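Asker: Have a look at this one.
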Amino acid sequence: FVGMVIFGGTLPATRLAVSAIDPIAITALRAAIAGACSLAVLIALRRPLPPRALWPQLFVAMLCVVILFPLFMSLGMQTVDASHGGVVLGVLPIATALVAVAITHERPRPLFWIASLAGAALVITFALRQGGGAMSSGDLMLFVAVAMGAIGYAFSGRLTSSMPGWEVISWSLVIALPVSIPAAWLTLPADILQLPAKPLLGLAYVTLFSQWIGFFAWNAGLAMGGIARVSQVQLLQPFITFVLAAFFNGEAITWQIVAFAAAVVATV
């Protein structure tokens, strides 16, 4: 739940950041800065390198959670509101459960699948309704982000059986440093110090909290209760996003948005 609340601020913060910073730059900067913080903590605590057998899984987690999920989410936030994106990302729990079943052989009961599929159907209906019967480009970017996030969450959760959750995200970020640091240097806005405060605060939030600290709690939760089951807590995330989007982004939260989100949450 703590991790979910932290992640609830991701879309509003990203929406603020993309108003002045390119999505590729946001992805590179959040990975590079969070990676540098991770490396410092791992060195300070003298944590040993993960066993060689775990590196392929860490690479998959890194590719999805550190690069692809943030990139496609940022691209989506260029054209849709954070509140709209909050409902669309409500399909992430069922996607995570599907990947968990495939890689960890978890076997949830039939009622779990009925409820989860109902939640997913509601999210897809919402996206089509808001788009006038068709998916917008922003929705498509967010659905790709969902797929990448589900894979990354599932592999991260699987790795927590071998190491603490905070080490999973930290090593994933460290593995990305050879790519993220050059990418951040090349895409760093020349006028970054002259940018308004809100985009910079949005970037700071997604860097330290969404990309790093939030996973400390989230991965620990997945390890405690199982990936498929605990991932459904994220169905509550839209409400956190709505409140923050209204307060920080000035978005109007319509009754349709709240109704669809409430229906999705009811599937929990």
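Asker: Need a quick list: helices (runs of 4 or more DSSP H) entirely within the range 33-114 having at least 2 residues that are farther than 21 Å from residue 7 by Cβ.
Answerer: 55-61, 92-104
Asker: Which of the residues that make up the range 75-132 are within 16 Å of the chain's Cα centre (by Cα), farther than 19 Å from residue 157 by Cβ and of a type in the set (Val, Ile, Thr)?
Answerer: Hits for the range 75-132 are 87, 88.
Asker: If we scan the range 251-258, do we find a residue that is closer than 30 Å to residue 109 by Cα and surrounded by 17 or more Cβ atoms within 10 Å (Cβ to Cβ)?
Answerer: Here is the first cut: in the range 251-258, the ones closer than 30 Å to residue 109 by Cα are 257-258.
Subset that is surrounded by 17 or more Cβ atoms within 10 Å (Cβ to Cβ): 257.
Yes, the range 251-258 contains at least one residue that is closer than 30 Å to residue 109 by Cα and surrounded by 17 or more Cβ atoms within 10 Å (Cβ to Cβ).
Asker: Something else: Condition first: open to solvent by 20 Å² or more (accessible area, probe 1.4 Å) and farther than 17 Å from residue 74 by Cβ. Now tell me which residues in the range 138-159 satisfy that.
Answerer: Of everything in the range 138-159, those that are open to solvent by 20 Å² or more (accessible area, probe 1.4 Å) and farther than 17 Å from residue 74 by Cβ turn out to be 151, 155, 158.
Asker: For the range 100-114, does any single residue satisfy the condition of being hydroxyl-bearing (Ser, Thr, Tyr) and open to solvent by less than 40 Å² (accessible area, probe 1.4 Å)?
Answerer: No - not one qualifying residue is present in the range 100-114.
Asker: How about the range 11-49: which of its residues are among the hydroxyl-bearing types (Ser, Thr, Tyr), open to solvent by less than 10 Å² (accessible area, probe 1.4 Å) and either farther than 21 Å from residue 177 by Cβ or at pLDDT below 95 (or both)?
Answerer: Residue satisfying the conditions is 14 alone.
The values are calculated or read from the model by the stated rules, or taken from the named source; none is laboratory data. In this text the structure is predicted, and so the values were computed from the model without any measurement. Glycine gets a Cβ as well: all are built from the backbone with ideal geometry, and neighbour counts include every protein chain shown. Calculation scope for accessible area: heavy atoms of the full protein, side chains included, ligands and nucleic acids excluded. Shrake-Rupley method; radii C 1.70, N 1.55, O 1.52, S 1.80 Å.
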